[in-house]
Amino acid sequence: MENNFSIEDAISKLYNKLDGWLDAIILKLPNIFMAILVMVMFYFLARIIRNLLKKLLAKSDSQQSVQDIIGKVVFVTIMLLGFFVALGVLELNTVLTSILAGAGVIGLAVGLALQGTLNNTFGGMILSFMPNLKINDFIESDGYSGFVSEINLRNIVLRQPDNNYVIIPNSNFIDGTFTNYSLSERSRISVACGVGYESSLQDVEDLVVKLIAENFEQKESESVEFFFTEFGDSSINFITRFWIDMVDNKQKLAATHKAVKIIKEHFDKQNINIPFPIRTLDFGKNNLQVLVDNNADDA
């Protein structure tokens, strides 16, 4: 079979094809410029509306994270609208129809491939609108504690007291539990101690309650509580509970520090003993004789 392939014919066909495309592009130049202009206009429109919306939300005392999430969603939505308008200007209605038709299939495939990422994204949106969690709140979750410095569509960022940052995926945070110390301005803390068996328990109770009440203001419906808890090996142990102003863990540590110093100082003045664990070794007569015999053998 004779091969009729000709380089000249191929080049000629390619040239004709490119020439046809060039003519089509030239004819479409006004539409292309108009489509670019539409995208630029929608870009600036999206920025203006986003910034305006964030200012309105700021006046309503909404969370910073809520402002950021809503701003991003509005910006992306307006840009997508501009993209579809630009396709219409280019008279690419067939392409637009194909995009919309394939969006479902693509969305399903992306959803299956990015389940974890989508969980984090929806988790971020949920966290942003949660009234019990705001930026700068001091929280504890999954063994980590710190101030909430950022809530985004992927994770929540905690700034720990040592100034290190912990990043927790939103899906883990949503599925777990957390303690928000900033929700209430007052919290109750506990301080434990022990006194010697020779101590007058009523005097110990009266003294501790008096000291705590004098040094830590107890507001209406609040009071200092005192309970003896157990007969320990070398002491009778007790716990005292009282209320303090507390929105982060540092205030708890500072109050505990102050209470321990006060209790120790006044126990010393009142000669109230705070025993430390004592181990008694019983060297009975028989045990002592064995010890002497062993020492004689070593000599």
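Figures for the structure shown
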| quantity | calculated |
| --- | --- |
| In the range 179-192, the residues that are crowded, with 17+ Cβ neighbours inside 10 Å and out of contact with any helix residue (DSSP H, G or I) (no Cβ under 6 Å at 6 or more places or on another chain) | Asn180, Tyr181, Ser182 |
| Pairs where the first residue, in the range 257-274, is farther than 20 Å from Ser190 by Cα and the second is in a helix (DSSP H, G or I), C-beta under 9 Å, 6+ apart | Gln270/Asp203; Gln270/Val204; Gln270/Leu207; Ile272/Asp203; Ile272/Val204; Ile272/Leu207; Ile272/His266; Asn273/Phe267 |
| Out of Asp248, Asp175, Asp203, sole residue that is in contact (Cβ under 8 Å) with a residue 12 or more places away in the chain and within 30 Å of Ile156 (Cα to Cα) | Asp248 |
| Hits in the range 193-218 (condition: surrounded by 13 or more Cβ atoms within 10 Å (Cβ to Cβ) and of a type in the set (A, V, I, L, M, F, W, C)) | Cys193, Val195, Val204, Leu207, Val208, Val209, Leu211, Ile212, Ala213, Phe216 |
| Filter result (among the acidic types (Asp, Glu) and not in a loop (DSSP other than H, G, I, E, B)) within the range 190-243 | Asp203, Glu205, Asp206, Glu214, Glu225, Glu230 |
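Read-outs: derived from the displayed coordinates by stated rules, not from any lab. Please read these numbers as outputs of a predicted model, since none were measured by experiment. Positions of Cβ are generated from backbone atoms using ideal geometry, with glycine treated the same way; all protein chains shown enter the neighbour counts.
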